[in-house]
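Presented below is the structure to which this report refers.
All of the numbers you see were taken from the coordinates with simple rules; none came from a lab. Every value quoted in this text rests on a predicted model; they were computed, and no experiment measured them. Methodologically, a virtual Cβ is constructed for each residue, glycine included, from the backbone with ideal geometry; neighbour enumeration extends over all protein chains shown.
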């Protein structure tokens, strides 16, 4: 039997994986950055168990590029029954890798 905690962690991972594989390569500019952040947030909020989503896109000094994993900083919180999971997708420069990781898993009241 899968616990609520395990299911919450799984759901969080699915949400981050969806963002990563669905939106990488999307054209983004300084002008469209905010609207793309909002579009990604709204798309993920529509999925079951999502409590909150925050997306930040760092373009640096580039004015127009395809979205890459190095630009994303995403936080997602999901709740499944008695468990809540907060996870993150963020590029880790020292590892040269876009890490998806759990920030917190906790029990919550029903």
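Table for the structure above
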read-out	value
Mean shadow area of the chain, taken as a quarter of the surface of its Cα convex hull (nm²)	7.4
Fewest-first ranking of 87, 108, using other Cβ atoms within 10 Å as the exposure measure	108, 87
0 to 90° range, to nearest 10: angle between helix 33-45 axis and the chain longest Cα axis	20
Percent RCO, i.e. relative contact order, over the chain, from Cα pairs under 8 Å lying at least 6 residues apart	29
Rough spin-label spacing in nm, given labels placed 7 Å along Cα→Cβ, for residue 39 and residue 68	2.1
Protection-proxy order for peptides 70-80, 36-46, 10-20, each taking the mean of Cβ atoms within 10 Å per residue, highest first	70-80, 10-20, 36-46
Sequence of 96, 4 once ranked by neighbouring C-beta atoms within 10 Å, starting from the fewest	96, 4
Centre separation in Å (Cα based) which lies between region 1-23 and region 43-110	11
FRET efficiency estimate (nearest 0.05) - Cβ-Cβ, residue 54 to residue 94, R0 30 angstrom	0.85
